[in-house]
Amino acid sequence: MVKKGHNSVRRDKKRRRDDDDRDRNSSESYSDKEISKSKVDRRSEIDGKEKRRFLDRVRDLDNFSNNSKKRHWKPKGDEDRWRNSYALINNYANPNNGAKLVRSEGAYIPPFILARMMKKEVEDKSSVEYQRLTWDALKKSINGIVNKVNAANIKHIVTELFKENLIRGRGLFCRYCMKSQMACPAFTDVFSALVAVVNTKFPEVGELLLKRIVLQLKRSYKRNDKNQLLATTKFIAHLVNQQVAHEIIALELLTVLLENPTDDSVEVAVGFVTECGSFLQDISPQGLHGIFERFRGILHEGQIDKRVQYLIEGLYAIRKAQFQGHPAVRPELDLVDQEDQLTHDISLDDTIEEETTLDIFKPDPQFLDNEKKYEELVKNILGDDSVQDAASSDESSDNEEDEDSDEEEEEKMTINDETETNLVNLRRTIYLTIMSSVDFEEAGHKLLKIKLEPGQEMELCIMLLECCSQERTYLRFYGLLGQRFCMIHKIHQENFDKSFVQQYLMIHRLETNKLRNVAKFFAHLLATDALPWQALSYIRLTEDDTTSSSRIFIKILFQELSEHLGIRLLNERLSDPLMQTHFESIFPKDNPRNTRFSINFFTSIGLGGITENLREYLKNMPRLIMQQENVSDSDESGSSESESERMVSRKKRRRRD
């Protein structure tokens, strides 16, 4: 007898337990069905619908299994579409089939079949399908070229762009330029430079782009789309800077934005003036002055938000700084000569057609002839274009470098920065350092950390004077900072001495406020002995050698010196016998007329006490003149007596002989 294992015993127990549960459930379900007949009747309707749906699915599965040749399930309602796609695939899958089929709309073609189709259709370059393929290739190429342009490679991008058929794809070029600019407004100046170069060779492309931008501007203005309006106005501003668009459109746009000012419209106008204000200041200063007067009126009304008011005040500060940091065209993007620039005069009131049909493929019956004409045109353009010459010169230089690499290792290439980019960056750094400092000690400590190349020390003095002159009132901060630099190193003292001469020679160019600040700055340096008093020898105080501006400068300079030193100490400084040779130009003694002018000048400004010595000299001047005349007469008489004695002696000698 074989004993059962533990596993078999467990299996038997489980089987018995399952049988008992099944019997129990069947009895309970039978009793439930008898009790709840009403529920079953209600569910019969739902079960009937599900049964019909199930039968439909089974029928579809039967159709799918019967259609084993095509192995595709065709949905109902689209039999024509699928029939065309099946026919297209079957015909192109067969290499021996020479039937010419046109690509049906909406049908998917696998890549390998599409490649075979391209090889077959490329033999007939005048066919519609080949034109469509070239159109798709042109679209991808222009999109890629526009997306990869930047300030560093724009010269090479221009040559690549001209190789594409821009006459045929001018609509694509305009669309992708606007799309890329909208996606990245920071590169607006780069896209504008690219459009400016294309506009010199193909003016119709630049005109089409400008029309579409104006239409986009109108749409965004009506929809109150602030982001799109900011990007569009920035594009127009840089096109005005590149002289692709006339400055009239800029003034019209500002007039529309500021006619009924709101927070958003004023903000857009401020951004627009910031971008193209430097150009408008040179081309149309009166128009820009009118715009700023309108901004001033909006500030006085006070109906806009505080944030927008601060934006307007910042714009006035930028204008006061002559739009520094916001040039019209960056040097690396100034690619078009002024003679080659073509400006389009389009107004906001003109009726403009967008010409969207240029973005859509259309068969060209003269496709081959037009392509040949464009190739000839591109050869002429690239042959005369300086950009292509530069590229060819770079290639030739690269070839020479490969051939003569040993000789190039010995030679050192020197790069001359004609654009003065480093100088502009240095001035910007100095300006920001001064403006961000709390006191003069912090500013001096930061400025001394700036690494200056030999010869750039003068830029520090120039920027310090420029910042001082830009202030509304004189700040002692600048005088203390200049004093600290003069005492640290002698080279700064010499540079401020040179700056004193330059400022005095160009004093007639400064406004009254700037003139006052500069005079007080140098007065502080002289009063603290940071600047030697020999600098006053450059001033000649006469009626003929001074102008109204220079007299105001001298007046403020000496009045500040008297406030710092006092009239007694100032008189002692000016009466120093060792320094009289340097003060002769201020207190002239060569002519009574000049002497009287100097005395009257200092008396009129309330500093007559420093002219006491000059007054005494003027009183004694007639006696000195008489003494000088007597001395000259005695010299003449003595010379005449000596000559007469000589004549008498000669006569006596002749008689003796």
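Laboratory data are not the source of any read-out in this text; all were calculated from the coordinates shown. Being a predicted model, the structure only gives us computed values, none of them experimental. Cβ: placed from backbone, ideal geometry, glycine included. Neighbour counts: every protein chain shown.
Once you list every other residue whose beta carbon is under 13 Å from the beta carbon of Gly325, what net charge do they have if Lys and Arg are +1 and Asp and Glu are -1?
Values: positive: Arg319, Lys320, Arg330, Arg427, Arg428; negative: Glu275.
Neighbourhood net charge equals +4.
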Summed over the other residues with a beta carbon less than 15 angstrom from that of Glu247, with K and R at +1 and D and E at -1, the charge totals -4
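Beta carbons within 10 angstrom, averaged per residue: use that to sort the peptides 590-603, 232-245, highest first. Present the calculation step by step, with values, prior to reporting the outcome.
Values: 590-603: 16.0, 232-245: 25.6.
Top of the packing list down: 232-245, 590-603.
Return the FRET efficiency for the residue pair Val438, Asn513: r is the Cβ-Cβ distance, R0 is 35 Å, and the value is rounded to the nearest 0.05.
Details: r = 24 Å, r/R0 = 0.70.
Plugging the Cβ-Cβ distance into 1/(1 + (r/R0)^6) gives 0.90.
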Starting with the highest mean, order 525-535, 348-358, 504-514 by the number of other Cβ atoms within 10 Å, averaged over the residues of each peptide. 525-535, 504-514, 348-358
Inter-label distance, nm, simple model (7 Å from Cα along the C-beta direction), Glu353/Leu618: 8.4 nm
Using a Förster distance of 51 angstrom, determine the FRET efficiency expected from the C-beta separation of Gln580 and Leu342, and round it to 0.05. 0.15
Return the FRET efficiency for the residue pair Phe292, Thr262: r is the Cβ-Cβ distance, R0 is 25 Å, and the value is rounded to the nearest 0.05. 0.85
Flagged as over-length at 31 Å C-alpha distance, from Lys125/Lys234; Lys179/Lys306; Lys148/Lys218; Lys218/Lys373; Lys148/Lys234; Lys148/Lys226, the pairs are Lys125/Lys234; Lys179/Lys306; Lys218/Lys373
How much length is gained on full extension from Glu494 to Arg476, taking 0.36 nm per residue of separation minus their Cα-Cα distance? 4.4 nm
Let me check against my output: what whole-number percent is the relative contact order of region 131-359, with C-alpha pairs under 8 Å and at least 6 apart? 26 percent
